[in-house]
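Participant: Structure below; questions to follow.
The values are calculated or read from the model by the stated rules, or taken from the named source; none is laboratory data. Here the structure is a predicted model, which is why all the values come from computation and not from measurement. No Cβ is skipped: glycine too gets one built from the backbone with ideal geometry, and neighbour counts run over all protein chains shown. Ligands, DNA and RNA are stripped out before the accessible areas are found, and what is left, the full protein with its side chains, is counted by its heavy atoms. Shrake-Rupley method; radii C 1.70, N 1.55, O 1.52, S 1.80 Å.
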Amino acid sequence: MKILVINCGSSSLKYQVLEMSSDSSKVLAKGLVERIGSQNAGHTHKVGDNKYQFEKPIIDHTEAIKNVLNALIDPTMGVISSLFEIDAVGHRVAHGGDYFFKSVAVDDDVVAKIEKCCALAPLHNPANLLGIRAMAKLMPDTSQVAVFDTSFHQTMPDYAYMYALDYSFYEKYKIRRYGFHGTSHKFVAEKACKLLGMDINNSKIITCHLGNGSSITAIKNGKSIDTSMGFTPLEGVPMGTRCGNIDAGLVTFLMQNEGLDADGINSLLNKKSGLQGLSGFSSDCRDLVESMEQGNNRAALAIKKLAYDVKKYIGAYAAVMNGVDLIILTGGIGENSTPVRELICSGLDYLGVDFDFDKNTQSRGIDTLICKDGSKVKVMAVTTDEELVIATDTMNIVKNK
Ligand code: ADP
């Protein structure tokens, strides 16, 4: 079965075509359309090691998807001979509010509910809808599936997802914690359990997805019971350019003292904070670790703050689950950054972690245990693959239809 996976941002579109079966998957092509809406939009299309790049005006998402479909059937760089070969399209959708507990086949009712969630994710959901609508127009007979970043976290209990605000705001605006990166947390927990021969339905797992955006999740018996991101993806640990947890009083303090309006404070907290803000020169973990090793104190501060806050979440989630069996590190930083992994996992011996410093430094970008053989609590680096989750959910929903 061939599945097209679409991940639409406000001015970009990422895609993959995967050949899927119940026990294997293969990426046939993938690519990115950037600067949608401009005269010099960029389209990068990759098939294996071959890379094709174009720059041209692309006015909207429908046009972007047309370009993608043309590339897929192109005699030189294409991977299919006709669009009829695509069995279904899976869309990443940022916010499913409290409507969706799992991935669903797209119909008018689903579109209406995603629309209702636009207020909760104003940057992402409208773009996701543009992708769904453009696809429906261009390939009306092909099934579409929506896969939500939030749905895995819908199992959180109310005392974990509520903020201690006036309850009427929950009723009026649905203000509560939703959590994100759900596809990744679920995927790495299931994958690690399979690899380790653990029963996910009888397990306590803490997953740390550490990338440009980062979140930590407590997964008890296969269900998310708490996660660090909240109403928006700003809450939690410090990220590339997002501040993570701060005293809410700082919002009004900075607005008053820096003369910022709502857009100004939003931009400051989302785009000029986190690792970028603390270091003053980069949001990229690789740059910061390199500078830290050369003695740059601000880079060291940013990295130490990230690791310290992740460690605090691990302690908190072990507490709420009454223990932990497995800690998973994933995302670009979790999969690769051995110094950050070391800072996070050293000093967790009280919890039963016997971290293996050598194994840690020797393993990057692979699924591997980074604790000693007898460690009571296992620590594992696991590579994530959100596109594969979207393609798998899409295949399963279409097959069962
Ligand atoms: P996104 O959240 O955008 O999907 P990624 O999961 O790709 O991002 O993570 C990006 C982060 O991962 C960056 O901070 C980057 O520095 C870090 N990273 C990626 N590769 C490596 C590596 N080999 N060593 C250390 N850090 C890495």
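Participant: How many of the residues making up the range 151-175 are touching a residue at least 60 places away in the same chain (Cβ under 8 Å) and not in a helix (DSSP H, G or I)?
Facilitator: The number of residues fulfilling the criteria is 4.
Participant: Would you point out which residue out of LEU130, LEU120 is hydrophobic (A, V, I, L, M, F, W, C), in contact with a strand residue (DSSP E or B) (Cβ under 7 Å, 6 or more places away or on another chain), surrounded by fewer than 22 Cβ atoms within 10 Å (Cβ to Cβ) and modelled with pLDDT under 95?
Facilitator: Numbers: LEU120 fails: in contact with a strand residue (DSSP E or B) (Cβ under 7 Å, 6 or more places away or on another chain).
Only one candidate passes the filter, namely LEU130.
Participant: Still on this model: Restricting attention to the range 313-337, report how many residues are within 15 Å of the ligand (Cβ to nearest atom) and open to solvent by 10 Å² or more (accessible area, probe 1.4 Å).
Facilitator: Restricting attention to the range 313-337, the residues satisfying the condition of being within 15 Å of the ligand (Cβ to nearest atom) are 328-337.
Keeping just the survivors that are open to solvent by 10 Å² or more (accessible area, probe 1.4 Å) gives 332-333, 335-337.
Looking only at that region, the number is 5.
Participant: Taking only the range 216-255 into account, find how many residues are over 14 Å from ASN270 (Cα atoms), touching a residue at least 40 places away in the same chain (Cβ under 8 Å) and among the polar types (S, T, N, Q).
Facilitator: Result for the range 216-255: 4.
Participant: Assuming ASN7 fulfils every condition listed in (1) in a strand (DSSP E or B); (2) modelled with pLDDT of 95 or more; (3) closer than 19 Å to ARG133 by Cα apart from one, which condition is it?
Facilitator: The one condition ASN7 does not meet is (2).
Participant: Let me ask something else about it. Can you pull out the residues in the range 342-398 that are open to solvent by 70 Å² or more (accessible area, probe 1.4 Å), in contact (Cβ under 8 Å) with a residue 12 or more places away in the chain and either over 26 Å from LYS305 (Cβ atoms) or within 20 Å of the chain's Cα centre (by Cα) (or both)?
Facilitator: Result: ARG364, ILE366, LYS372, GLY374, LYS376.
Participant: When you check ASP309 against the structure, is it open to solvent by 10 Å² or more (accessible area, probe 1.4 Å) and under 23 Å from the mean Cα position of the chain (by Cα), yes or no? First the steps, then the outcome.
Facilitator: Details: open to solvent by 10 Å² or more (accessible area, probe 1.4 Å): yes; under 23 Å from the mean Cα position of the chain (by Cα): yes.
Yes: the conditions hold for ASP309.
Participant: How many residues are away from the ligand (no atom under 16 Å from the Cβ) and not polar (S, T, N, Q) when one looks only at the range 349-401? Before you say what the answer is, go through the steps one by one.
Facilitator: Of the range 349-401, the ones away from the ligand (no atom under 16 Å from the Cβ) are 349-359, 369, 371-380, 391-401.
This time we only want the ones that are not polar (S, T, N, Q), so: 349-359, 369, 371-374, 376-380, 391, 393, 395, 397-399, 401.
Total satisfying the criteria: 28.
Participant: Based on this model, can you work out whether ILE206 counts as surrounded by fewer than 21 Cβ atoms within 10 Å (Cβ to Cβ), modelled with pLDDT of 95 or more and β-branched (Val, Ile, Thr)? Working first, answer last.
Facilitator: Details: surrounded by fewer than 21 Cβ atoms within 10 Å (Cβ to Cβ): no; modelled with pLDDT of 95 or more: yes; β-branched (Val, Ile, Thr): yes.
No.
Participant: Among the residues of the range 24-34, which ones are at pLDDT 95 or above and closer than 9 Å to LYS14 by Cα?
Facilitator: LYS30, GLY31, LEU32, VAL33
Participant: Search the range 35-66 for residues being over 24 Å from the mean Cα position of the chain (by Cα) and open to solvent by less than 20 Å² (accessible area, probe 1.4 Å), and hand back the single one that is nearest to SER12 (Cα to Cα).
Facilitator: The extreme case among them is ALA41.
Participant: Which of the residues that make up the range 229-251 are more than 18 Å from LYS304 (Cβ to Cβ), open to solvent by less than 10 Å² (accessible area, probe 1.4 Å) and within 16 Å of the ligand (Cβ to nearest atom)?
Facilitator: MET229 - this is the single residue of the range 229-251 that is more than 18 Å from LYS304 (Cβ to Cβ), open to solvent by less than 10 Å² (accessible area, probe 1.4 Å) and within 16 Å of the ligand (Cβ to nearest atom).
Participant: Moving on to the next point. Six or more apart or on different chains, Cβ under 9 Å: which pairs go from a residue in the range 41-61 that's touching a residue at least 40 places away in the same chain (Cβ under 8 Å) to one that's open to solvent by less than 10 Å² (accessible area, probe 1.4 Å)? Could you list them?
Facilitator: So the pair list comes out as ASP60/ALA134; HIS61/CYS8; HIS61/LEU13; HIS61/VAL33; HIS61/ALA127; HIS61/GLY131; HIS61/ALA134.
Participant: Okay, next question. Determine which member of the set VAL93, VAL106 is of a type in the set (A, V, I, L, M), within 27 Å of SER21 (Cβ to Cβ) and open to solvent by less than 10 Å² (accessible area, probe 1.4 Å). Give the steps one after another, and end with the answer.
Facilitator: Working: VAL106 fails: open to solvent by less than 10 Å² (accessible area, probe 1.4 Å).
Unique residue meeting the criteria: VAL93.
Participant: For the subset of the range 269-312 comprising residues that are more than 15 Å from the ligand (Cβ to nearest atom) and among the hydrophobic types (A, V, I, L, M, F, W, C), which member is modelled with the lowest pLDDT?
Facilitator: LEU269
Participant: So PRO126 fits all but one of (1) within 15 Å of HIS61 (Cβ to Cβ); (2) touching a helix residue (DSSP H, G or I) at 6+ places or on another chain (Cβ under 8 Å); (3) free of Cβ contacts under 8 Å to residues at least 40 places away in the same chain; what number is the exception?
Facilitator: The failed condition is (3).
Participant: Moving on to the next point. Condition first: open to solvent by 10 Å² or more (accessible area, probe 1.4 Å) and either free of Cβ contacts under 8 Å to residues at least 60 places away in the same chain or in contact with an Asp or Glu (Cβ under 6 Å, 6 or more places away or on another chain) (or both). Now tell me which residues in the range 140-150 satisfy that. First the steps, then the outcome.
Facilitator: Going residue by residue through the range 140-150, those that are open to solvent by 10 Å² or more (accessible area, probe 1.4 Å) are 140-144, 149.
Those that are open to solvent by 10 Å² or more (accessible area, probe 1.4 Å) and either free of Cβ contacts under 8 Å to residues at least 60 places away in the same chain or in contact with an Asp or Glu (Cβ under 6 Å, 6 or more places away or on another chain) (or both): PRO140, ASP141, THR142, GLN144, ASP149.
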